[in-house]
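The values are calculated or read from the model by the stated rules, or taken from the named source; none is laboratory data. These numbers were taken from a predicted model, which means no experiment stands behind them. All Cβ positions, glycine included, derive from the backbone under ideal geometry; neighbour counts span all protein chains shown. Surface areas here come from the heavy atoms of the whole protein model, side chains and all, with no ligands, DNA or RNA. Shrake-Rupley method; radii C 1.70, N 1.55, O 1.52, S 1.80 Å.
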Amino acid sequence: MTSAQETAVAGEKNAPNQSMPNADYTATAHKARVQDKVATGILAAIVGVIIVALVAIIVYILASGASKLVDVHFLTAKPEQFKAGGGIGPELFNSFYLLVLTLLISVPISLGAAIFLTQYAPQGRITNIAKTAIETLSSLPSIVVGLFGMLTFVLTLHWGFSILSGALALTMFNIPILVRVIQQALEAVPRDQRDAALALGLTRWEATMHVLVPAAMPAIVTGVVLSAGRVFGEAAALIYTAGQSAPVLSWSAPIWSLSNPLNVFRPAETLAVHIWKINSEGVVPDLSAVSAGTAAVLMVCILAFDIIARVAGRALERKLTAE
Amino acid sequence: MTDTTKLTSSTVQNPVLHTHDVTVDYSGKRALNETSLSFESGTVTALIGPSGCGKSTFLRCINLMNREIPGCVVGGKIVYHDINVNTKGIDTLWLRKRVGMVFQQPNPFRKSIYENVAFALKSHGMTKKEELDERVEKSLRAAALWDEVKDKLRDSAYALSGGQQQRLCIARTLALQPDVVLMDEPCSALDPIATFAIEETISSIARNGICVVIVTHNMEQATRVSNKTAFFYLGHMVEFGDTAQIFGAPKDQRLNDYLNGRFG
Ligand SMILES: Nc1ncnc2c1ncn2[C@@H]1O[C@H](COP(=O)(O)OP(=O)(O)OP(=O)(O)O)[C@@H](O)[C@H]1O
Ligand SMILES: [Mg+2]
């Protein structure tokens, strides 16, 4: 926009100075300038519509759930089956617990895979096959991942509806995205960084771990936190893996008890699954308030992830480059 | 460390490094034809020639950096202290520690100034803090950078100017106490003042007995810093001799034309 304006202004200033501007040339330049303005206008309008729509959705969700958002009872109490006044305490805990477990499993695996693909795998056949597989997996509908998880973890391995089954399904869902993000982050590090490390007699492993990964860290952190937002809001992959029930949690319960919050073999309904469940089969009288409140909580958490991703990425970048 | 000194002092007459019929192919395409050159400690050798003639290709043979390029095949012998290093079994880590390289674009690591110099030392096994501090200071002094950075060693290397960054890259190379330093157009991204500072550094490290091989497009620079000059043309090493002779009395017609600006 500004550069277009500048060009236009510069063009107007220059025009009188030119002794005898060629008529054809002025006509073409004028046409190009009009074209530029029209295109800029159309693009700005499209972006405007999108932004308004998105902001409207966010504001609507937050406004509908605003009263619940600041209600400590709602945030900590257990859900009710039949009467009003239930909370989402266990769901909130489950969502974060599943997220942490998923990231603990998927980040190291994805980092390893991305490092192998960018630094070690011979470029060509293997990397192409891996790239295609990753693209395909990342566009797999999450309900398919969920059903695969049910067949494999819940039924075949007899883990039942459990946090572990859910975390592994989410890992499958998360890995392709993370591998791609980390791969791109590593590839964006200038080649001369690696050359410099190798020319100092460092091994490829040292060059990768001490030079490339730190240099790519801001982008990696941003990617991981953004993927965390996706994982946090995921429902379809969890309905048939982590299950749809939230046992009452008690920190004093022994680790093998289904009430122990950290027991990975207990079923665990998350916020997103809770929204889905109460809307499809809920009978509580305050159903729509609970649903709206849960959605608002979910939204605030994801917005927080987004902001953290930007801030952390930028802070790391600044620390590394001192700019 | 001790054997470096011994080797450099005992090889004043013998070249530290010589290449014998070195050839380079990139994916089957010849980029450098048989090149035989020898380099002595304490001297600066300039590699000149038009763009694309194979100067960088030749330079990257010496520390085996060409091995990092897929499809690149290096033939012939590269003899460093009587050891042919162009063999399968050679320890590239050892060689690259002894034969340092400075690149065309300043490429400090995204770390602090101190870490840029200390990092490779640590991974080569130097762990004592006092030893590291001492070596970092010595290297930064040798690269004529110490006075400018001594109060901000913990700042990011990217807070430095381009010329300072390049001297930091030289310091990081010198920290490993190499006896050969390869430089590929180290001043091409720098202004005349920064260039002058780097040239001073080159002369002083050569005075300390290091063998420097520098690629340059700047003829004045070659005459200012180098003792010997090799002229490359279209993948051939055409003429090699004392810098004064190469610029004052070139024997080959192509070199003569090149110096008179008739091509390239
Ligand atoms: N990585 C590579 N892969 C394939 N060919 C290459 C590669 N690097 C260089 N070449 C080819 O080898 C020849 C010599 O290139 P080189 O970079 O050594 O030239 P140079 O003398 O350093 O040129 P300049 O002065 O422009 O840096 C060129 O024809 C170039 O295209
Ligand atoms: Mg070059």
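Taking every DSSP bridge with both residues inside chain B, close to 60 percent are antiparallel.
For chain A, what does -39500 (n - 2.57) per DSSP helix run (n ≥ 4), summed and divided by total residues, give at 222 nm, in deg cm²/dmol to the nearest 500?
On the way: 12 runs with 221 residues, N = 323.
Dividing the helical sum by the residues of chain A leaves -23500 deg cm²/dmol.
Overall form of chain A: oblate. Here a/c, set by the Cα gyration tensor axes a ≥ b ≥ c, is 1.5 or more, and a/b is not larger than b/c. For the stretch B:45-143, applying the loop criterion from DSSP together with a ceiling of 16 other beta carbons within 10 Å to the trypsin sites (Lys or Arg not before Pro) yields B:LYS88, B:LYS128.
Rounded if a/c is under 1.5, else prolate if a/b beats b/c, else oblate: with a ≥ b ≥ c from the C-alpha gyration tensor eigenvalues square-rooted, which is the protein assembly as shown?
Details: a/c = 2.65, a/b = 1.80, b/c = 1.47.
Verdict is prolate for the protein assembly as shown.
For the stretch B:10-144, the solvent-accessible area of protein heavy atoms averages 42 Å² per residue (probe radius 1.4 Å; ligands and nucleic acids excluded). Take each residue in A:199-209, count the other chain C-beta atoms within 10 Å of its C-beta, and the mean is 6. When you restrict to C-alpha pairs under 8 Å that are six or more residues apart and normalise by the size of the stretch B:110-224, the relative contact order lands at 29 percent.
Of all lysines in the structure, those lying under 28 Å Cα to Cα from A:LYS68, and not within fewer than 8 positions of it along the same chain, are A:LYS78, A:LYS83, A:LYS277. Considering only alpha-carbon pairs that sit under 8 angstrom and 6 or more positions apart, the relative contact order computed for chain B is 27 percent.
Among A:41-49, B:194-202, sorting by the average number of other beta carbon atoms lying within 10 angstrom of each residue, highest first, gives B:194-202, A:41-49. Sparse packing (at most 10 other Cβ atoms within 10 Å of the Cβ) combined with a DSSP loop state is found for the following chymotrypsin sites (Phe, Trp or Tyr not before Pro) in the stretch A:27-112: A:PHE82.
Can you bin the stretch B:132-225 into rounded, prolate or oblate? Criterion: square roots of the alpha carbon gyration tensor eigenvalues sorted a ≥ b ≥ c, rounded for a/c under 1.5, prolate for a/b above b/c, oblate for the rest. The shape class here is oblate.
Could you work out the mean count of beta carbons from other protein chains within 10 Å of each residue's beta carbon in B:93-100? Let's see the in-between values first.
On the way: counts 6, 1, 1, 6, 4, 1, 2, 3.
Rounded to a whole number, the mean comes out at 3.
With respect to chain A, whose longest principal axis is taken over its alpha-carbon atoms, helix A:2-17 is tilted by about 10°. Each of the peptides B:210-223, A:24-37, B:151-164 was scored by the mean count of other Cβ atoms within 10 Å over its residues; in descending order, highest first, they stand as B:210-223, B:151-164, A:24-37.
Under 13 Å from a label point set 7 Å out along the Cα-to-Cβ vector of B:SER27, the amide N atoms of the stretch B:48-70 belong to B:70.
Note on chain A: GNM, Cα springs under 10 Å; of A:GLU187, A:GLU206, A:GLU91, the largest mean-square fluctuation is that of A:GLU206. Buried accessible surface for the B/A pair, both sides summed and rounded to the nearest 100, is 2000 Å² with a 1.4 Å probe. Peptides B:43-49, B:232-238 ranked from most to least packed give B:43-49, B:232-238, packing being the mean of other C-beta atoms within 10 angstrom over each peptide's residues. Averaged over peptide B:101-113, the number of partner chain Cβ atoms lying within 10 Å of each residue's Cβ comes to 5.
Restricting the calculation to Cα atoms, chain B shows an Rg/Rh of 0.96 when the hydrodynamic-style radius is the Kirkwood one. Output the 0 to 90 degree angle, nearest 10, between the alpha-carbon long axis of helix B:113-123 and the longest principal axis computed from the alpha carbons of chain B. Value to nearest ten degrees: 80. In the structure shown, the pairs B:LYS88/B:LYS129; B:LYS122/B:LYS150; B:LYS77/B:LYS251; B:LYS97/B:LYS129; B:LYS111/B:LYS228 are assessed against 32 Å; a Cα-Cα span above that value is assigned to B:LYS88/B:LYS129; B:LYS111/B:LYS228.
For B:THR195, what charge total do you get from the other residues with a beta carbon under 12 Å from its beta carbon, if Lys and Arg give +1 and Asp and Glu give -1? Spell out each step's value before the answer.
On the way: positive: B:ARG167, B:ARG224; negative: B:GLU185, B:ASP191, B:GLU199, B:GLU200, B:GLU220.
Net local charge, B:THR195 excluded: -3.
Here the contact order of the stretch A:65-321, divided by its residue count and restricted to Cα pairs under 8 Å and six or more residues apart, works out to 28 percent.
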